[in-house]
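See below for the structure under consideration.
The values are calculated or read from the model by the stated rules, or taken from the named source; none is laboratory data. None of the values given here were measured: they were computed from a predicted structure. Glycine gets a Cβ as well: all are built from the backbone with ideal geometry, and neighbour counts include every protein chain shown.
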Amino acid sequence: MSYNKVNTSPEFEKALEIGRPPNIVKLFPNSKALIVSGKVIDRAMIEKGKCMAIAANGRNNFVIRGVLMAAQRANAAVILEIAKSEGGASAYCATSFWNLARQADAAMNELGITVPVAIHADHYAIKGTDDVETGKTEISSLFDAGITSIAIDASHLPDDENLLANLALNPYIPKWAGYETEVGEIKGKEGLSTPQEALFLIKGLNAHNIFPDWIALNNGTTHGIEASDEGIQVPLTTEIHNALIPYKISGAQHGTSGNNSERLRKIVQETNTTKANVATALQMISWGVKVNDYGNAILDEDGEFVKVSDKGMTDKQWAEIVEYANSQGIKGGNYKKLNLPFENKLHRLPRDIRERMSKDVEDFVFHLLKDVFNAGDTAPLAIDAILKAGSYDLGAKGARIEDPAEWSESKIHKRAAQSNTEKGPEGDFDD
């Protein structure tokens with residue numbers, strides 16, 4: 001293996017002793033895996049400056065292993081995540097909210113991974129009052145299963161309902177956990193987020209002593225397989241992040257798959273982004289689908305994916321997947337729905353094939369971490385953050401600025417009614 005030797009330093013051992021949250025200690029009492037709060041990863045990126053952690057969607061076990069090996073090789077603190085659509089109660093992946101931490105812990109101990117890793121429940125989508133009520137139980141179950149960070153995503157709701165959903169669910173999120181919120185539903189070209197929209201959400205949360213670590217925006221990403229050259233709007237992102245500076249909140253960039261390295265470097269250099277979600281690219285690379293240098297799938301003249309013979313799964317297994325997809329009418333980005341029915345079939349492949357699936361992911365992610373995201377050597381900074389805090393709980397970055405009397409439920413509705421935010425069509429919750 002090409003990554004660094006196992007860290008046995010006194011700093012690592014102390015971080016292992018005090019830096020793992022209570023749910024992780026309970027689940028894995030004898031583990032040597034440094035699974036931490038999402039706050040730890042954010043603080044490490046802030047400390048280095050102009051860098052962002054990969055938040056890798058572990059749609060299959062090969063992606064999880066590849067990302068961890070790349071993180072160790074780059075000496076980088078990282079986030080492993082799964083979204084509600086991917087790994088929730090109605091999932092299309094075998095990886096779930098309830099087994100991601102177990103997969104990560106097992107792989108970290110097996111592979112000797114000693115960089116800090118957060119386990120993030122991404123796009124915990126709230127589409128109405130029923131989802132809020134379900135969340136009051138389900139969110140607690142996620143943390144029972146080893147989640148250490150969560151994104152509450154009520155972004156497609158009207159601004160007042162988005163804010164109120166975040167307020168209603170916040171008591172179920174441990175104070176030590178990483179917390180992401182979202183505004184301006186992510187869907188691409190229509191209804192892009194505005195500074196006013198972001199400030200409405202963050203001011204309302206601030207008034208109630210809630211201080212998110214990250215905010216995700218609709219800043220032009222289309223998620224998944226990038227179909228145009230428009231991509232992420234960096235100047236808009238910078239404008240919104242600058243407006244939020246008093247609230248000390250970092251940016252979470254969704255939908256990086258398909259955006260070229262130059263644009264991603266601009267996000268690193270010109271915005272306050274510390275978390276960058278990558279999903280579809282990693283899935284495709286693990287399978288052996290032909291991609292360009294920034295992970296976007298290359299299609300043949302018939303609009304079909306191209307399998308590279310010496311990459312990813314075997315050609316025979318790929319042929320079976322294609323045949324199944326065709327029989328089910330599955331095309332393009334909906335190939336993501338093949339994760340669940342084929343996970344176990346991929347695990348039965350020869351060892352050298354399974355290892356190359358993860359190795360291809362490792363090489364791609366290592367390049368992102370070192371050459372694009374500037375996240376190399378952030379692992380020691382994450383450990384330092386734990387040691388300085390003397391705890392797994394790093395506390396909030398921000399402090400209350402807003403008057404809570406001005407953000408009662410009635411005043412929230414009144415404020416929202418005075419704004420005219422265009423949400424655009426319903427969006428896509430996958431990265």
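One residue stands out among those in region 268-320 that are within 29 Å of Gly251 (Cβ to Cβ) and charged (D, E, K, R): the one that is surrounded by the most Cβ atoms within 10 Å (Cβ to Cβ), which is Lys275. What pairs can you find where one residue is in region 108-119 and within 18 Å of Glu13 (Cβ to Cβ) and crowded, with 24+ Cβ neighbours inside 10 Å, the other is aromatic (Phe, Trp, Tyr) and modelled with pLDDT of 95 or more, and their Cβ atoms are less than 8 Å apart, with a gap of 6+ or different chains? What qualifies is Thr114/Phe12. Residues that are farther than 25 Å from Lys370 by Cβ, modelled with pLDDT under 90 and of a type outside the set (A, V, I, L, M) occur at least once in region 230-249. Within region 57-101, being charged (D, E, K, R) and either part of a loop (DSSP other than H, G, I, E, B) or over 20 Å from Lys345 (Cβ atoms) (or both) holds for Arg59, Arg73, Glu81, Lys84. Considering (1) touching a residue at least 40 places away in the same chain (Cβ under 8 Å); (2) of a type in the set (S, T, N, Q); (3) surrounded by fewer than 20 Cβ atoms within 10 Å (Cβ to Cβ), the lone condition that Asn326 does not fulfil carries the number (1).
Among residues of region 396-420 that are of a type in the set (Gly, Ala, Ser), those with a Cβ under 6 angstrom from a residue that is in a helix (DSSP H, G or I), sequence gap 6+ or separate chain, pair up as Gly398/Tyr247; Ala416/Asp159; Ala416/Asp160.
In this structure, is Lys311 within 18 Å of Asn60 (Cα to Cα) and not in a helix (DSSP H, G or I)? Judged against the criteria, Lys311 is a match. Scanning region 143-161 turns up at least one residue that is surrounded by fewer than 24 Cβ atoms within 10 Å (Cβ to Cβ) and touching a His at 6+ places or on another chain (Cβ under 6 Å).
Here the condition is being surrounded by fewer than 24 Cβ atoms within 10 Å (Cβ to Cβ) and more than 15 Å from Asp384 (Cα to Cα); of Asn30, Asn57, it holds for Asn30 alone. Checking each residue in region 71-86 for being small (Gly, Ala, Ser), surrounded by 24 or more Cβ atoms within 10 Å (Cβ to Cβ) and in contact with a strand residue (DSSP E or B) (Cβ under 8 Å, 6 or more places away or on another chain) picks out Ala71, Ala76, Ala77, Ala83.
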